[in-house]
Ligand SMILES: Nc1nc2c(ncn2[C@@H]2O[C@H](COP(=O)(O)OP(=O)(O)O)[C@@H](O)[C@H]2O)c(=O)[nH]1
Ligand SMILES: [Mg+2]
């Protein structure tokens, strides 16, 4: 059994806790899921013939420069940056987290960006071209909706496969971000 620590970073209210809840329970939680500065959930995934225990660190820090945040990163195998598509400033927050994280852990650490709340498409402040631009320097984007469930399993499965060396993000990058919430289309590329 492999053990992998995955840190989930992003501005407050983007849906970090909801993503984990949806992934683990297959449900949307309407309520704001209050959590302490770091909450850890565990789950076991099968990747081909291997089993991987994921430790999902739901990190509630707004401050990319805080010492607490840096401590939580220790030993991470992958990072998920979460952005709320309806709030542009949450993309900027994610970028700051990414800069600081890569300064600490190096840029080779497997990472994806989750653009959440795709069910609120009409309210989005983030355009497909902004997503492509954010992605162009080697980080992969997936659109999700915790409310509807789309993209969530894809995102966690993808980052797990990348950590296990089963999928290179470069392969997945050939799929335009706008179609990545269609689970089957992504799976068929693996
Ligand atoms: N419409 C919609 N609301 C969402 C989605 N994901 C989370 N939310 C809501 O956004 C708010 C913040 O979510 P939460 O998971 O607590 O954010 P966190 O602070 O990043 O952990 C809550 O009211 C959630 O119900 C989504 O995909 N669609
Ligand atoms: Mg939370």
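Among 29, 111, 18, which one shows the highest mean-square fluctuation when the chain is modelled as a Gaussian network with alpha-carbon springs under 10 Å? Maximum among the listed residues: 29.
Fully extending the segment from residue 12 to residue 55, taken as 0.36 nm per residue of separation minus the present Cα-Cα distance, adds 13.4 nm.
If you restrict to DSSP beta bridges whose two residues both lie in the chain, what percentage is antiparallel, to the nearest 5?
Just about 30 percent of them are antiparallel.
Would you please classify the overall shape of region 2-187 from the alpha carbon gyration tensor, given that a ≥ b ≥ c denote the square roots of the eigenvalues, rounded means a/c under 1.5, and beyond that prolate means a/b larger than b/c while oblate covers the rest?
Note, shape of region 2-187 comes out rounded.
For the pair residue 48 and residue 96, label points projected 7 Å from Cα toward Cβ lie 4.1 nm apart. By the count of other C-beta atoms within 10 Å, a proxy for reagent exposure, 87, 103, 22, 67 are ordered fewest to most as 67, 103, 87, 22.
Taking the highest mean first, how do the peptides 71-78, 5-12 order by number of other beta carbon atoms within 10 angstrom per residue? Display every interim value, and only then the final one.
Numbers: 71-78: 16.4, 5-12: 22.0.
Top to bottom by mean Cβ count within 10 Å: 5-12, 71-78.
What is the fewest-to-most order of 96, 117, 39 by other Cβ atoms lying within 10 Å of their Cβ? Working shown, then result.
Working: 96 14, 117 24, 39 17.
Taking fewest neighbouring Cβ atoms as first place, the list is 96, 39, 117.
Fully extending the segment from residue 74 to residue 108 would add 10.7 nm, taking 0.36 nm per residue of separation and subtracting the current Cα-Cα distance. Per-residue ellipticity at 222 nm from helix content only, as computed over the chain with -39500 (n - 2.57) for each DSSP H run of at least four residues, stands at -9500 deg cm²/dmol.
If R0 is taken as 25 Å, the Cβ-Cβ distance between residue 2 and residue 148 corresponds to a FRET efficiency of 0.25. Placing a label point 7 Å from the Cα of residue 168 along the Cα-to-Cβ direction, the residues of region 86-111 whose backbone N falls under 17 Å of that point are 108-111.
Among 28, 115, 156, the ranking by other beta carbons within 10 Å of each residue's beta carbon, starting with the fewest, stands as 28, 156, 115.
Each reported figure results from applying straightforward, stated rules to the coordinates on display, with no laboratory input. From a predicted model like this one, the values you see are computed outputs, not experimental measurements. Please note: Cβ atoms are built from the backbone with ideal geometry, for glycine as well, and neighbour counts cover all protein chains shown.
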